[in-house]
Amino acid sequence: MEQTALVTGASRGIGRAVALELARRGWNVCVNYLERRDDALAVAALIEAEGRHALAIQADVADRGAVEAMVRDARAGLGPISLLVNNAGISPHGLFQDTDDATWDRTLAVNLTGAKNTIQAVLPHMLSEKRGCIVNISSIWGLRGASCEVAYACSKAAVIGLTRSLALELAPSGIRVNCVAPGCIDTDMVRVLGQETREMLVEETPLGRLGTPEDIAHAVAFFAEEESSFLTGQVLTADGGFIV
Ligand code: NAP
């Protein structure tokens with residue numbers, strides 16, 4: 001039976017790689033994006049070329065109404081969602097003391113409330129089926145804290161709390177909730193930090209390189225596999241040994 005995944009923030013970076021990897025493993029994919037329509041359409045086209053079905057759907061994950069509409073459209077076009085990957089995220093930089101309310105609120109709204117919104121939108125179907133899989137993307141900074149990214153680190157720590165709590169609440173309903181905590185991955189999010197910081201992060205990573213989006217896609221796909229059906233409430237750190 002064909003199954004459908006929703007990957008938020010799938011127009012580029014980690015989300016794009018996750019969407020493509022899931023398609024390779026047989027999933028139809030709803031490719032969510034915020035602004036980069038052309039990039040999202042290109043990802044959907046690659047998935048179609050893989051022989052699977054895909055739809056690129058715009059929605060700000062922080063907007064509950066937009067998320068509900070996206071899930072309705074995805075269901076109409078691709079069938080009900082049985083795998084949700086909460087990947088969309090933002091990471092503003094700056095001293096905690098200079099972080100204004102708008103930045104703080106937006107970071108939590110996208111990174112934490114966004115995950116809450118999508119989970120609540122896909123849950124009715126998963127509950128009725130008594131099966132489903134949710135993979136949240138946290139970060140090593142949510143595990144160990146991050147200077148100059150306090151709002152981000154708080155939101156990512158909260159995503160781990162969300163994962164563990166929901167894993168307990170939803171286990172009796174046959175729904176698994178897990179989390180991948182990436183280290184330093186070579187995407188726009190790290191590229192904006194500049195070459196010097198990038199080199200420093202490579203030096204601090206025991207395996208001596210930045211991760212690729214595909215490294216994280218494999219970790220996400222691992223949780224989605226039927227063989228992982230006894231795994232829930234777990235945080236898989238994929239970071240080249242950064243926080244060992
Ligand atoms: P990225 O390259 O900056 O891409 C961000 C993606 O999220 C884009 O597809 C973007 O859409 C989408 N997005 C942003 N805000 C959104 C919103 N409000 N609603 C819907 N989509 C939204 O980021 P990345 O590096 O791939 O990171 C992906 C996830 O991994 C994030 O949760 C991030 O915190 C986490 N992570 C990344 C790293 C790293 O080193 N890169 C490390 C740890 C964790 P548009 O293209 O349309 O703007």
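Estimate the FRET efficiency between residue 76 and residue 24 by the formula 1/(1 + (r/R0)^6), using the beta-carbon distance for r and 30 Å for R0, to the nearest 0.05. Plugging the Cβ-Cβ distance into 1/(1 + (r/R0)^6) gives 0.75.
Quick check: the distance between the Cα centres of the range 163-204 and the range 1-60, to the nearest angstrom? Distance between centres, Cα-based: 19 Å. Each of 71, 85 was scored by other Cβ atoms within 10 Å of its Cβ. Arranged with the fewest first, they read 71, 85.
What the phi angles of the range 226-235 give under the Karplus curve with 6.51, -1.76 and 1.60, with θ = phi - 60°, is a coupling list of 4, 5, 9, 5, 9, 9, 8, x, 9, 10 Hz, glycine and proline written as x. Couplings 3J(HN,Hα) for the range 168-175, derived from phi with the Karplus relation 6.51 cos²θ - 1.76 cosθ + 1.60 (θ = phi - 60°), are 5, 5, 9, 4, x, 9, x, 10 Hz, where x marks Gly and Pro.
Each semi-axis of the equivalent ellipsoid for the range 133-204 is √(5λ) with λ an eigenvalue of the Cα gyration tensor; in descending order they amount to 29, 12, 8 Å.
Note on 133, 148, 154, 30: ascending count of other Cβ atoms within 10 Å places them as 148, 154, 133, 30, the fewest first. Once backbone amide H atoms are built at 1.01 Å from N, residue 181 has 138, 236, 237, 238 as its partners under 5 Å, excluding neighbours fewer than 5 places away on the same chain. Put simply, the amide H of residue 90, placed in the peptide plane, has neighbours under 5 Å in 111, leaving out anything fewer than 5 places away on its chain. Spin-label model, residue 202 to residue 104: label points 7 Å out along the Cα-to-beta-carbon direction sit 3.7 nm apart.
As an equivalent ellipsoid, the range 186-244 spans semi-axes of 27, 13, 8 angstrom, where each value is the square root of five times an eigenvalue of the C-alpha gyration tensor, largest first. Annotation: extensible slack from residue 192 through residue 228 equals 9.5 nm (criterion: 0.36 nm per residue apart, minus Cα-Cα distance). Counting neighbouring Cβ atoms within 10 Å and putting the fewest first, the residues 189, 126 line up as 189, 126. Straightening the chain between residue 58 and residue 131 buys 23.7 nm, computed as 0.36 nm per residue apart minus the Cα-Cα spacing.
At 1.567 mPa s and 4 °C, plugging the Kirkwood radius over alpha-carbon pairs of the range 1-77 into Stokes-Einstein gives what diffusion coefficient in µm²/s? D, rounded to a whole number, is 109 µm²/s.
Taking θ as phi - 60° and the Karplus parameters 6.51, -1.76 and 1.60, the scalar couplings of the range 99-113 work out to 6, 7, 4, 4, 5, 4, 5, 5, 4, 6, 5, 7, 6, 10, 5 Hz in sequence order, x denoting glycine and proline. From largest to smallest, the equivalent ellipsoid semi-axes obtained for the chain from the alpha-carbon gyration tensor read 27, 19, 19 Å.
Read-outs: derived from the displayed coordinates by stated rules, not from any lab. Model, not experiment: these values are computed from the prediction. Cβ atoms come from the backbone with ideal geometry, glycine included; neighbour counts cover every protein chain shown.
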